[in-house]
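Below is one structure, written out as C-alpha cells; the observations come after it.
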Amino acid sequence: MGSYPPALLASTSEFLGLTRKNDQPYSWRTLRHRSFRRYFCGSVISDFGTWLQNTAQVLLAYHLAHSALAVGLVTCAQFTSPLVLGPFAGVLADRIGGRQTLLLTQVVAATIAAALAAAELGHVLTEWPLVCGALLGGLTFTFALPARNVTVRRLVPAEDTRPAFVMDAVSYNLGRALAPPLTVVIVLTTHGYGLAFAANAITFLVFTLMLILAGKGADAEPERRSRVKDGFVIARRNRMILLLLLMVAAVTVADDPVQVLGPALANHLGVSQGWSGWFISALGAGSVIGSLRRPKHLPRLRLAATALAALGVCMVAFVSTPWVWVSFVAALAAGVTCLLANSMTRTLLSQTAGVNQASVMAVWAIAWAGSKPLASITDGLLAGWIGVWPTGMILAIPAFIPILALSVRAVRARKPEAPLTTAPAIPMLTAGPEPAGPLETDLLTQFASMLSEFPSVDRLPASPERAASQP
C-alpha cells in the first residue's frame with residue numbers, strides 16, 4: 001500500500017494548524033512560580049468542591065423531578081447570570097483588581113453553599129429552592145471568571161501565559177474528573193447531597209486563604225476605568241476576537257450533553273444513573289491527560305478549529321453508540337479536545353486583547369459560561385421531544401462550522417477571480433452595510449468571508465506586556 005505524498009501531508013498539516021514547534025514550554029513547569037503555585041493549589045481544591053456540588057445538584061434535580069428538563073433548569077440557572085452580568089464583572093475586576101474580586105466572590109460563594117447544605121441536611125430543600133441556589137452560585141461564578149483570567153496573567157511572566165491558562169483549565173478539570181465519582185458514591189451510600197454542599201463551602205474558604213498567600217509581596221494592581229460596553233465594542237471592531245468568542249461558545253454548546261444528558265443517556269443505555277457521574281469524570285480526566293503532554297504546536301486559529309471539530313466527532317460518538325463504554329471513551333477524548341480548543345482560544349484572546357484584558361475576558365465569560373444555560377435548556381427540551389441522540393447531534397453542529405468555513409475559504413482562495421484573496425488584513429468592521437455577492441446568501445460562505453479578513457494568527461500583534469518582555 002503506497003504512502004501519501006510528503007507534499008500532501010505537509011499541506012494538510014498546515015491547513016489543520018498542526019505545524020510543529022518543539023520548544024513550547026511544558027505546562028506543569030509554571031508551578032515553579034511560587035505565587036502561581038499557591039493559586040493553583042487553592043483553585044484545585046475549590047474546583048474540586050465546585051464539582052462536588054455541581055454533580056450533587058444534577059443528581060438531586062433528577063431525583064426530585066425524574067426529568068432531563070429539571071437537570072437543564074438547574075444547569076441553566078447556574079450559568080444564566082453571565083449573560084446579564086458578565087460585562088459588570090469585567091468592570092469590577094478593573095476597578096478593584098482581579099485578586100480582590102476573587103477574594104470577595106469566594107467568601108460569598110462559601111455562604112451560599114453553606115445555606116444549601118443546611119437546607120438539604122434539614123430535609124427542606126426542594127426543586128425550586130435548588131434552582132435558586134444554583135442561580136445565586138452562578139452570580140459569584142460570573143464575577144470570578146474574568147478575575148481569574150486577570151489574576152493568572154499577573155502571576156506568571158508573559159512567556160508562560162499559555163501554559164498558565166492550560167494549568168487553570170487543568171485545575172477546573174481535575175475537579176470535574178475526581179469529584180463526580182466521589183459524589184455518586186456519597187449519594188448512593190448515604191443520600192448525602194448536603195454533605196457535598198458543605199464540602200464545597202469549606203473549599204471556597206481554603207481558596208480564599210491561598211489567594212491571600214499568593215498575593216503576599218505582589219505589586220498593587222493598577223486601577224482602570226472601563227465601561228460595561230467596552231468588551232462588546234472591542235469584539236464588534238476586531239473580527240479576530242469576535243470569531244474566537246464564537247468558537248468558545250461552540251465548545252460549551254458541544255460538550256453540554258455530557259452533563260445534562262448524562263442521566264437520560266445512562267437510562268437509555270440500560271445502566272445505572274450513576275454512570276452520569278462517570279461521564280462527567282471522563283470529560284475532566286481527558287483534559288488532565290491532555291495537559292501531561294508537552295505542546296508541540298503554535299497557538300493558531302486553524303488548530304483551534306481542528307480541535308473543535310474533533311470535539312464534535314467525540315460528541316456524536318457519545319450520544320449515538322449503543323455501548324456505555326464507548327460513550328465513556330468518547331467523553332474522555334472530548335476532554336482532550338476541550339482542553340486544546342479552550343486553551344488555544346483563551347491564549348489568542350489574551351494576546352489580541354492587550355491592555356483590555358478584563359473587558360474582553362468579561363465577554364469571554366459570557367461566551368464560555370453564558371452559552372451554557374442556552375445549551376442546557378435546549379438539551380433538556382429537545383431530549384424530551386426527540387430523544388437523546390438526535391439532541392446530541394444537533395448540539396454538535398456548531399463545532400464543525402469553523403473548520404468547514406476554513407475549508408471554503410481555502411477553496412475560494414485558489415481561484416484568481418475570488419475577491420477573498422485581496423481582502424484587507426485589518427480586522428475592523430466597516431461602518432456601513434457591505435454589498436452582498438452571489439454566494440453571500442449561504443451562511444457558511446458568509447462565515448468564510450469573515451475569516452478571510454483576519455490576519456494570520458502567527459502575526460497577531462503582541463500585547464504591550466508581551467512586547468515589553470521581548471528584546
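A short reminder: the numbers here are calculations on the coordinates, not readings from a lab. Bear in mind the structure is a predicted one, so any value in this text is a computation, not a measurement. Virtual Cβ from ideal backbone geometry, glycine too; neighbours counted across all protein chains shown.
Neighbour counts of C-beta atoms inside 10 Å place 210, 393 in the sequence 393, 210, starting with the fewest.
From the P(r) of the range 29-410, can you give the percent of Cα pairs sitting at distances over 39 Å? Intermediate results must be reported in sequence, preceding the final value.
Details: 7215 of 72771 pairs.
When all Cα pairs of the range 29-410 are counted, 10 percent exceed 39 Å.
For the range 133-142, 3J(HN,Hα) computed residue by residue from phi via the Karplus equation (6.51, -1.76, 1.60; θ = phi - 60°) reads x, 5, 5, 5, x, x, 4, 5, 4, 4 Hz, glycine and proline entered as x.
Taking the Cα centre of the range 29-410 as the origin, how large is its charge dipole in debye, to the nearest 20, when only Lys and Arg (+1) and Asp and Glu (-1) carry charge on their Cβ atoms? Don't skip to the end; give the middle numbers.
On the way: 28 positive and 14 negative charges, 312 e Å.
In debye, rounded to 20, the range 29-410 gives about 1500.
The peptide list 113-125, 240-252, put in order of mean Cβ contacts within 10 Å with the highest first, becomes 240-252, 113-125. Charge dipole of the range 94-252 (Cα centre as origin; +1 on each Lys and Arg Cβ, -1 on each Asp and Glu Cβ, all else neutral): 680 debye, rounded to the nearest 20.
For each of 372, 216, count neighbouring Cβ atoms within 10 Å of the residue's Cβ, then give the residues from fewest to most.
Working: 372 24, 216 9.
Lowest to highest Cβ neighbour count: 216, 372.
Taking the Cα centre of the range 29-410 as the origin and placing charges on Cβ (Lys, Arg +1; Asp, Glu -1), which of 274, 400, 200 is farthest toward the positive end of the dipole? Checking the options against the dipole of the range 29-410, the answer is 400.
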